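The values are calculated or read from the model by the stated rules, or taken from the named source; none is laboratory data. Computed from a predicted model, the values in this text were never measured in an experiment. Cβ placement follows ideal geometry from the backbone for every residue including glycine, while neighbour counts extend to all protein chains displayed.
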Ligand code: SF4
């Protein structure tokens, strides 16, 4: 008898999973914009839409596999019709839509976003902002004030749920932020200009696009600065800055140039007014309904 580590077979199996659950979904959706496209560094979406090659690490594939297992196991305990519930931006035209699938839409009232983590996440401040933003998007799109992020920890084998509560104003603000992000990315694609897209350099280390991303070098430099600042703050025992999901909206201050640039005809300012009016109306209807 012989038994030995088969590197080739291991790689082949990894690739099968990557193709099925990673690339197939990512490229199948074409130019449609998914919630996840707007919850991570927007340059990833730019790279995806431009067909830029990505290189997934074994660790990333492994976490993805555990994420799928976690979601599947929890899904078995819920009725089928609340699983992978299709959601989209309220009252937007097809060309401005954002869509996504809620992992579990409990009683069609409470979205649950299920994740697997290699890191220890015991406190709300440790929950990755990208996951919070994904859940916020589903809550805002469905007009829900309450939702949960459910984390399966791979190493400690613990399951922890974090409850997220949004006010009506938060819902409206988040719909506006999503809409602005969508316009930013489509504008960059249309103008073939990646430099206008805001980047999230803290994602560099785990980014599958970092070797080919047009802003990879800049992102690397910024990621080093962030890491240095973090270690300084640690030495000086400074408290980490609290995550403020709406800071982006205050900074944008509804810059009219961000609106009316997604290929829509007409005056950008009018388009902005119309978008804001629609989003406010949608938020109101959703939260009242
Ligand atoms: S390398 Fe940086 S800027 Fe480029 S996609 Fe990755 S995280 Fe975003």
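Here is a yes/no grid of residues against (1) at pLDDT 95 or above; (2) under 16 Å from residue 35 (Cβ atoms); (3) surrounded by 19 or more Cβ atoms within 10 Å (Cβ to Cβ):
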residue	(1), (2), (3)
91	no, no, no
97	no, yes, no
106	yes, no, no
122	no, no, no
135	yes, yes, yes
142	no, yes, yes
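Among the residues of the stretch 180-218, how many are closer than 21 Å to residue 60 by Cα, part of a loop (DSSP other than H, G, I, E, B) and more than 7 Å from the ligand (Cβ to nearest atom)?
So the answer is 3.
So residue 160 fits all but one of (1) assigned to a helix (DSSP H, G or I); (2) more than 16 Å from the ligand (Cβ to nearest atom); what number is the exception?
Result: residue 160 fails condition (1) only.
Of everything in the stretch 41-60 that's part of a helix (DSSP H, G or I) and in contact with a helix residue (DSSP H, G or I) (Cβ under 7 Å, 6 or more places away or on another chain), which residue is nearest to the ligand (Cβ to nearest atom)?
43
Here are some residues: 84, 18. Which one is surrounded by 11 or more Cβ atoms within 10 Å (Cβ to Cβ) and either in a helix (DSSP H, G or I) or free of Cβ contacts under 8 Å to residues at least 12 places away in the same chain (or both)?
18
Condition check: part of a strand (DSSP E or B) and either surrounded by 14 or more Cβ atoms within 10 Å (Cβ to Cβ) or free of Cβ contacts under 8 Å to residues at least 24 places away in the same chain (or both). Does residue 175 satisfy that?
no
Just the residues that are at pLDDT below 90 and either under 22 Å from the mean Cα position of the chain (by Cα) or buried (at least 16 other Cβ atoms within 10 Å of the Cβ) (or both), please, taken from the stretch 199-232.
Hits for the stretch 199-232 are 206, 208.
Does residue 130 meet the test of being under 25 Å from residue 30 (Cβ atoms) and either out of contact with any helix residue (DSSP H, G or I) (no Cβ under 9 Å at 6 or more places or on another chain) or in contact (Cβ under 8 Å) with a residue 40 or more places away in the chain (or both)?
Spelling it out, residue 130 is indeed under 25 Å from residue 30 (Cβ atoms) and either out of contact with any helix residue (DSSP H, G or I) (no Cβ under 9 Å at 6 or more places or on another chain) or in contact (Cβ under 8 Å) with a residue 40 or more places away in the chain (or both).
Please work out if residue 147 is in a helix (DSSP H, G or I) and within 30 Å of residue 62 (Cβ to Cβ).
no
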